[in-house]
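Structure first, then comments.
Throughout, read-outs are computed from the coordinates displayed, never taken from laboratory work. Since we're looking at a predicted model, the values are computed, not measured. Neighbour counts run over all protein chains shown; Cβ positions are idealised from the backbone, glycine included.
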Amino acid sequence: MTQDWFATARTLSEALPYMQRYSGAVVVIKFGGHAMGDAEEMASFARDIVLMRQVGVNPVIVHGGGPMINQMLGKLNIQSDFVRGKRVTDAATMEVVEMVLSGVVNKRIVQAIQNEGGNAVGLSGKDGGTLICEADDPDLGLVGRPVAMDPSLLHHLFKGGFIPVIAPLGMGREGETFNVNGDTAAGVIAAGLKADRLLLLTDVAGVKDANGDVVTQLSPDHVRELTSQGVIAGGMIPKTETALAALDGGVRAVVILDGRAPNACLLELFTDHGAGSIIRDSAPQITPRD
Ligand SMILES: Nc1ncnc2c1ncn2[C@@H]1O[C@H](COP(=O)(O)OP(=O)(O)OP(=O)(O)O)[C@@H](O)[C@H]1O
Ligand SMILES: [Mg+2]
């Protein structure tokens with residue numbers, strides 16, 4: 001029994017250099033709809049976020065909600081199609097998307113953070129003019145491509161000690177509401193904040209190669225190669241596209257990891273071990289996970 005306490009103390013002590021490294025840093029976390037597990041897993045995620053804030057990190061959560069949107073569209077008998085990993089969004093779909101993202105998923109995350117003693121504020125990219133969008137592609141309807149990001153509201157929230165929780169919606173110049181892919185929104189927000197890390201939490205252990213092995217470190221060139229081979233497909237496409245755009249936009253590194261794994265964010269930020277696939281400009285070595 002006694003030894004467990006020594007181990008706890010040692011773990012805390014070993015985390016010190018990481019805590020110092022990330023103190024004051026902005027870490028944007030995309031919490032995918034597929035990464036959201038049951039209430040216990042949500043509580044564990046929220047605890048990690050509150051711990052980050054406690055040690056001086058400024059976490060920003062940008063969430064998805066694909067499965068929850070599908071469920072509601074199903075109940076309402078509204079069909080929806082995907083093109084290159086993005087949802088085709090007409091006006092009827094958009095209403096449901098906003099209702100589910102801002103009304104249900106966003107508040108569930110806010111509540112989980114409050115329950116763990118943090119102070120979260122739920123908003124969408126529409127609030128404070130944070131995300132201004134244009135139509136992404138005529139085939140996709142109301143899917144928005146962010147063209148401007150205003151970080152002022154988020155800086156105010158950081159100063160007040162709040163944890164922003166952002167639903168991936170944006171406004172058009174004519175006042176339209178756009179549905180933004182959660183990964184895309186997280187990337188643009190991370191770039192606008194010049195974040196130290198962008199963590200894309202999903203339901204797979206990382207980016208897999210043709211053999212199905214997780215690649216722990218990738219360079220942008222390797223990402224492009226896997227994409228042209230069709231190995232990176234479906235919902236992984238917006239993630240890796242986001243990763244490359246975020247690096248170009250000044251984010252130091254992007255990590256794609258399994259949000260359902262216990263303490264995934266802490267493992268990535270506060271240990272040498274890391275988690276998932278890290279994408280950065282100078283990958284010193286590229287090795288499949290053992
Ligand atoms: N090379 C690859 N490596 C890993 N996953 C891949 C790869 N190619 C395609 N995928 C798929 O991408 C999926 C992750 O994207 P998906 O959009 O489904 O989830 P999410 O973005 O986490 O959730 P949401 O879209 O609800 O926010 C994985 O579950 C996997 O099926
Ligand atoms: Mg997705």
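Tabulated data for the structure shown
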item: Relative compactness, segment 180-273, computed as alpha-carbon Rg over 2.2 N^0.38 Å; result: 1.03
item: Interchain or long-range residues, amide H under 5 Å from residue 200's placed H; result: 30, 255, 256, 257
item: Hull volume in cubic angstrom per residue (convex hull over the Cα atoms of segment 1-83); result: 134
item: Separation of the residue 156 and residue 3 label points, Cα + 7 Å toward Cβ, nm; result: 5.4
item: Distance between modelled label sites at residue 211 and residue 147, nm, 7 Å Cα→Cβ extension; result: 4.6
item: Check: segment 184-290 dipole with +1 on Lys, Arg Cβ and -1 on Asp, Glu Cβ, in debye; result: 220
item: Whole-number percent relative contact order across the chain, with pairs defined as alpha carbons under 8 Å at least 6 apart; result: 21
item: Distance between modelled label sites at residue 221 and residue 54, nm, 7 Å Cα→Cβ extension; result: 4.4
item: Cα convex hull volume per residue for segment 86-130 (Å³); result: 86
item: Residues 155, 222, 273, 63, sorted so that the one with the fewest Cβ neighbours within 10 Å comes first; result: 273, 155, 222, 63
item: Normalised per residue, the volume of the convex hull around the Cα set of segment 85-178 (Å³); result: 91
item: Rounded to 5, percent antiparallel among DSSP beta bridges of the chain; result: 35
item: P(r) of the chain over all Cα-Cα pairs, binned every 10 Å from zero, in whole percent; result: 7, 29, 37, 21, 5, 1, 0
item: Extension gain (nm, one decimal) between residue 231 and residue 263, 0.36 nm per residue minus Cα-Cα; result: 8.7 nm
item: Expected 222 nm ellipticity per residue - DSSP helices of 4 or more, -39500 (n - 2.57), all of the chain, to 500; result: -12000 deg cm²/dmol
item: Spatially proximal lysines relative to residue 30 (Cα-Cα < 20 Å; intrachain offsets below 8 disregarded); result: 86, 107, 126, 194, 208, 239
item: Residue exposure sequence - 48, 213 - by fewest surrounding Cβ within 10 Å; result: 213, 48
